[in-house]
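Structure record follows, encoded as structure tokens.
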Amino acid sequence: MRRVFLDEKDEAVADTVKMRLDRLEKREVVREREIAIVKEMLLLFIRVWLEHTPPPLEETLDATHAVAERRFQSFLELLAESMAPGHTLFPYAAHGRRDGAGADLNGAAE
């Protein structure tokens with residue numbers, strides 16, 4: 001790279017490198033925007049969830065924690081599954097798990 005930027009004789013190579021760097025920069029700007037949108041969406045969801053979900057009753061606290069733990073574990077499994085190469089959470093978004101195995105995201109066994 002150093003030779004490319006210091007050697008004015010090979011302008012075609014320098015122009016190619018500049019063009020590719022410009023493309024990379026444009027992609028990075030798009031990614032930054034997408035990450036900002038996802039962050040804002042998640043924060044908004046959490047805020048709305050907390051505003052509209054009443055706290056559990058004291059007498060059902062243990063059962064509530066157990067269900068929450070099962071739901072969270074199911075969520076983590078689904079997330080890990082979606083992180084595998086070539087997978088996505090999109091097909092599961094409206095309906096929970098499609099494969100019929102394990103528990104759905106509400107903590108109920110299928």
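The values are calculated or read from the model by the stated rules, or taken from the named source; none is laboratory data. All figures in this text were calculated on a predicted structure; none of them were measured in a lab. No Cβ is skipped: glycine too gets one built from the backbone with ideal geometry, and neighbour counts run over all protein chains shown.
With respect to the conditions (1) modelled with pLDDT of 95 or more; (2) more than 18 Å from the chain's Cα centre (by Cα), Glu40 falls short on a single one, namely (2).
Note on region 43-58: among residues that are β-branched (Val, Ile, Thr) and more than 18 Å from the chain's Cα centre (by Cα), the one that is surrounded by the fewest Cβ atoms within 10 Å (Cβ to Cβ) is Thr53.
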